[in-house]
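See structure below.
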Amino acid sequence: MFRFLTPVLVCLSLFSAAANAQSVQTLFERGMEAGNAGDYTRAFELVRQAAEGGHAPAQYTLGSMYSFGQGVEPSKGEAMIWFERAASQDHPLALYNLGLYYDLGIGVAQDRTRALEWYRRGAAAGEPQAAYNAGHMMLTAEGVARDTAEGLRLIEQSADAGTADAEVSLGYIFEVGYGVSKDPAKALDYYARAERNNLGGAGDKRLALASSVLEEGIALELDGHGADALRLQDLACRYGQFYACYNAGRLRFQGRLVPRDVDGALESLRVACGRLLDVACRMSAVAALSAADATPADREHSSFYLGQLCQARDPRACHNLAVISMSPAFGTPDPDAAMKLLARSCIELDFFVSCEPYYAIYNSSLPQPSAGSASGMSILEEGVLAILSVAARGVSALSATGSYSSGAYGGYSAFSPPSTTTYTAYSPADKANFSNFMDSVRYPTVQCRPGNPYC
């Protein structure tokens, strides 16, 4: 009989532990319900019982109640006791709060080394704010030894969990090369992520950097570096600088510094035109004439937009309307309509480019033998369309040929392409300026100090 005694005791012990766990969980839940209902006195008693029963979330909550004086007289010392008990069970927020207490000297002497230890334990337990604070301290050597790689890893861990402060910090870090190589693409992505998380000021940082990237792209284009210029214009376009979308489309459409790509140009120009940029709408209307990927909506836009411009006595628009009149992609070819448009462009508006196709259509209208073709057009009609299309290509950029657009942003930004330049020296002024920069992003009422290089 005695050999069955130990298993029975073990079963009873396990049952007791399970019952106790269920009991303290129930106490904690009832305490939270009371607190949410505003009855902090009852909430405190119930949470205290659960905390004394070893329930880690209750221990953390009790520490918070002591910290803020909810249902009890505030006591930072008592708060630390309960945070430490919860932290012994690796409760993430308790670990973070202990880091914060030592970091700021709340109820204890300030000790950045111990703060970092608690923050790193909190980060390991999955608390993203602890990861951000630890990473920030290590990256800027704020009272602790600098560890750039580990600091960056921890801030990235926090950003991956959706912490907006970490995201905007990484945007800044990659924008200026703060301990890392400059990378505007990563910087823009992090600014955009912080903006999506509703961090005030992040959108301004995104647009300002996108505008700087646009300006650098223009400088590269002026120096003849077409591929690099296009890469930066595409990047700025992707992050909301819509004048960059126009510039990217223009580079592809003109085909001077990069291979001509009408379909790619039309894709970028659509975006810019959608933001009511007239110069982009003008160019997209022409690009749709020869783009293989042009949609019915693109062709409708071309007909309407060029029609408006032709009525306003723009000879290039009249010429391109003639292309539309002869193009099977826009319907049945209409040589009579094309000839009238070309006559206006050539004779009335003195646009000599339209004269050759005008006389070609006129000659084709005279009695002569005709031969069919695979397209259903006569050989002469195909020849006229070829003449028109070549001419249209020559004037396709309309009045925008050779122009660079940076929108309403005045002056040239000193932004430089990605490099291996890093900041390695940190001073108290650096840290103060960085903190001022972060506060200006977080809080609408905080302004950057005059001369702050980070703003």
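Computed from the coordinates by the stated procedures, all read-outs in this text should not be read as laboratory data. This structure is a prediction, so every number in the text was calculated from the model and none was measured. Glycine also receives a Cβ, built like all others from the backbone with ideal geometry; neighbour counts cover every protein chain displayed.
Odds and ends about this structure:
- Taking a sphere under 14 Å around the Cβ of TYR40 and counting the other residues whose Cβ falls inside, with K and R at +1 and D and E at -1, yields a net charge of -1.
- When only alpha carbons are used to place a centre, the stretch 268-296 and the stretch 26-81 end up 63 Å from one another.
- Label-point separation, GLN25 to ARG256 (7 Å along Cα→Cβ), nm: 7.2 nm
- Computed magnitude of the charge dipole of the stretch 124-194 (debye, nearest 20; Cβ of K, R +1, Cβ of D, E -1): 140 debye
- Counting beta carbons within 10 Å around each of HIS319, HIS91 and listing the fewest first gives the order HIS91, HIS319.
- Rel. contact order, % - alpha carbon contacts under 8 angstrom, at least six apart, the stretch 161-215: 32 percent
- Highest average packing first - 203-209, 222-228, 59-65, Cβ atoms within 10 Å: 59-65, 203-209, 222-228
- The phi-based Karplus calculation (6.51 cos²θ - 1.76 cosθ + 1.60; θ = phi - 60°) puts the 3J(HN,Hα) values of the stretch 75-82 at 8, 5, x, 5, 4, 5, 4, 6 Hz, whole numbers, x for Gly and Pro.
- The peptide list 71-77, 325-331, put in order of mean Cβ contacts within 10 Å with the highest first, becomes 325-331, 71-77.
- Computed over every Cα-Cα pair of the stretch 20-165 and binned at 5 Å starting from 0, the pair-distance distribution P(r) comes out as 2, 12, 17, 19, 17, 14, 10, 6, 3, 0 percent.
- If the chain linking ASP263 and GLU73 were pulled fully straight, counting 0.36 nm for each residue of separation and taking away their Cα-Cα distance, it would gain 61.4 nm.
- Listed peptides 29-37, 170-178, 244-252, 93-101 by packing density, highest first (mean Cβ within 10 Å): 244-252, 93-101, 170-178, 29-37
- HN-Hα J in Hz across the stretch 343-356 - Karplus 6.51, -1.76, 1.60, θ = phi - 60°, x for Gly and Pro: 4, 5, 5, 6, 8, 7, 9, 6, 9, 5, 4, 7, 5, 4
- Once the Cα-Cα distance is subtracted from the 0.36 nm per residue extended length, the ARG275 to ALA227 segment shows a gain of 14.8 nm.
- Given their separation in residues at 0.36 nm each and the Cα-Cα distance between them, ARG112 and CYS448 gain 118.3 nm when the chain is fully extended.
- Ranking of PHE352, PHE44 by neighbouring Cβ atoms within 10 Å, starting from the fewest: PHE352, PHE44.
- In order along the stretch 141-151, the phi-based Karplus estimate (6.51 cos²θ - 1.76 cosθ + 1.60, θ = phi - 60°) of 3J(HN,Hα) comes to 6, 7, x, 9, 5, 6, 9, 4, 5, 6, x Hz; Gly and Pro are listed as x.
- Each Lys or Arg adds one and each Asp or Glu takes one away; over the other residues whose Cβ falls under 10 Å from the Cβ of GLY107, this sums to 0.
- Residue exposure sequence - VAL108, VAL286 - by fewest surrounding Cβ within 10 Å: VAL108, VAL286
- Environment charge at GLY77 (Cβ cut-off 14 Å; Lys +1, Arg +1, Asp -1, Glu -1): -1
- Taking the empirical scaling 2.2 N^0.38 Å for compact globular proteins as reference, the stretch 32-83 has a Cα radius of gyration ratio of 0.98.
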